[in-house]
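For reference, the structure is listed below as structure tokens.
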Amino acid sequence: MAHESKQEKQLERWLSHASSPRKAALVIASVTASLTIVAGVLMRIVEHTGFPTVNSGLWWAVQTVTTVGYGDHVPVTGAGQILASAVMLLGLGFVAVITASITGAFVARSRNEQQDAWAIRQGKNSTAELQQVGERLTRIEELLRARP
């Protein structure tokens with residue numbers, strides 16, 4: 001990329017560690033948990049009357065990120081609703097993008113492994129074919145030497 005933000009560089013470092021499905025799941029879970037905690041604390045700060053404790057903000061954030069939305073805690077101020085909109089969009093979009101990126105990396109790796117395996121098979125086939133040609137040439141030479 002021509003210009004990467006600090007967050008994009010951090011995301012790239014995290015993704016480089018996602019070399020297996022287990023590690024990929026850990027990256028997704030970590031990012032989602034971080035987003036949820038930050039959103040819950042921010043909601044408590046932005047809308048302190050509707051969210052009297054950090055726990056209520058965290059509960060709301062979990063509901064929002066997971067798209068459950070029980071409705072027991074609802075932002076009513078403009079700032080709270082803007083934060084809620086951002087959490088909804090970021091929660092859905094970010095998890096979807098991360099999941100797609102990791103899936104894409106796994107597909108690319110699988111494709112490379114398949115191409116490598118094909119190249120190795122082709123190399124072995126070529127070696128076997130060359131060996132067969134060499135054996136035929138040896139037999140032809142022997143037949144030519146045996147002729148009067």
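Can you tell me the dipole magnitude for region 72-148 around its Cα centre, using point charges on the Cβ only (Lys, Arg +1; Asp, Glu -1), in Debye to the nearest 20?
In debye, rounded to 20, region 72-148 gives about 460.
Here region 18-146 is treated with +1 on each Lys and Arg Cβ and -1 on each Asp and Glu Cβ, and its dipole about the Cα centre works out to around 260 debye. Of the chymotrypsin sites (Phe, Trp or Tyr not before Pro) in region 60-148, the ones in a loop by DSSP (not H, G, I, E or B) with at most 15 other beta carbons within 10 Å are 70.
Between 28, 82, 102, the GNM of the chain built on Cα springs shorter than 10 angstrom shows 82 fluctuating the most. Along its three principal directions, the equivalent ellipsoid of region 18-146 from the Cα gyration tensor extends over semi-axes of 66, 10, 8 Å, largest first.
GNM on the chain, alpha-carbon springs under 10 angstrom: the most fluctuating residue among 85, 110, 126 is 126.
For the chain, set up a Gaussian network in which alpha carbons nearer than 10 Å are linked by springs, and say which option among 128, 119, 79 fluctuates the most. For the chain, modelled as a Gaussian network with Cα springs under 10 Å, the answer is 128. Remark: spin-label model distance residue 135-residue 108 equals 4.3 nm, labels positioned 7 Å along the Cα→Cβ axis.
Summary of packing: across the peptides 37-44, 136-143, the per-residue average of other C-beta atoms within 10 Å ranks them, highest first, as 37-44, 136-143. Model label sites at residue 121 and residue 74, defined 7 Å from Cα along the beta-carbon direction, differ in position by 6.0 nm. Across region 104-121, computed HN-Hα scalar couplings (Karplus, 6.51 cos²θ - 1.76 cosθ + 1.60, θ = phi - 60°) run x, 5, 5, 5, 4, 5, 5, 4, 4, 5, 5, 5, 4, 5, 5, 4, 5, 4 Hz from first to last residue, x flagging Gly and Pro.
FYI, it's all coordinate maths here, none of it is from the lab. Owing to the predicted nature of the structure, the values given are computational and were not obtained by experimental measurement. Note that each Cβ is placed from the backbone with ideal geometry, even for glycine, and that neighbours are counted across all protein chains shown.
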